[in-house]
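J.: One structure, as C-alpha cells, below. Some questions next.
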Amino acid sequence: MFETITVPVDGSEYGDKAVDYAIEIAEKFNSKIAAVHVLEEFSFNSYASEEDKGDAILGKITEKANKVGVDVIEHLITGDPLRDMKTIVRKTNADLVVMHAYGSNTFDEELNENQIGSVTDRVLKTSTVPILMIR
C-alpha cells in the first residue's frame, strides 16, 4: 500500500512521535522510510554544527527503524522547510507523509492545541499524497 513513507524531522519531541508512527506503519506495510531533515539556509549556527545535529537526528531514526527491520533512506537537505517541503515530498517518491503538527521553532512551540505549525499547514494544503498529521 505504501512503498515509501516520508517523515520530515527536526529533532523535537513531536517529531519523535511522528517517527514512531511512521515506523509502525512501515513495519505493517513492508515500507521504507525517507527520513528528511532540512538544514536552514540561514542560521546563526555554523553549518558544520547544524550538519552534525542533522546527521545525529537521522541516525537515531535509522537505528530505531532498523531494529524492527524497516529500511531508512536519510535525506539531509539545505533549504527552507516552508518553501521546499512540497518538492521534498515529490523527490522522495512519498506514498504517505507522516509529520508532526508543530515545529521546533519558538513561534510554533507557543501554538495552542487547536493550531498547527506553518510547515505542516503548507504541506496539508499543497500535498498530492496523503498526510498523517501527529499531534
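J.: Every residue in region 112-135 that is assigned to a loop (DSSP other than H, G, I, E, B), at pLDDT below 90 and either within 17 Å of Ala34 (Cα to Cα) or open to solvent by 30 Å² or more (accessible area, probe 1.4 Å) (or both), please. Break it down into steps so the answer makes sense when it comes.
T.: So the first thing to find is which residues in region 112-135 are assigned to a loop (DSSP other than H, G, I, E, B), and the list is 112-117, 127-130, 135.
Adding the requirement that they be at pLDDT below 90 leaves 112-117, 127-128, 135.
Within region 112-135, Asn112, Glu113, Asn114, Gln115, Ile116, Ser127, Thr128, Arg135 meet the criteria.
J.: Exactly one of (1) over 20 Å from Glu13 (Cβ atoms); (2) in contact with a Leu (Cβ under 7 Å, 6 or more places away or on another chain); (3) at pLDDT below 95 is unmet by Glu50. Its number?
T.: So the condition that Glu50 fails would be (1).
J.: Taking Lys28 and the conditions (1) under 20 Å from Asp80 (Cβ atoms); (2) at pLDDT 95 or above, which numbered condition does it fall short on, given that it satisfies the others?
T.: (1)
J.: Residues that are more than 20 Å from Lys125 (Cβ to Cβ) and either touching a Gly at 6+ places or on another chain (Cβ under 6 Å) or open to solvent by less than 90 Å² (accessible area, probe 1.4 Å) (or both): find the strands (runs of 3 or more DSSP E) completely inside region 1-103 holding 1 or more of those. So that I can check it myself, show each step before the final result.
T.: Values: elements: 4-8, 32-40, 72-79, 96-100.
By residue number, 4-8, 32-40, 72-79.
The values are calculated or read from the model by the stated rules, or taken from the named source; none is laboratory data. No experiment lies behind these values; they were computed from the predicted model shown. Quick reminder, even Gly has a Cβ in these numbers, built from the backbone with ideal geometry, and neighbours come from all protein chains shown. What goes into the accessible areas is simple: the full protein's heavy atoms, side chains included, and nothing from ligands, DNA or RNA. Shrake-Rupley method; radii C 1.70, N 1.55, O 1.52, S 1.80 Å.
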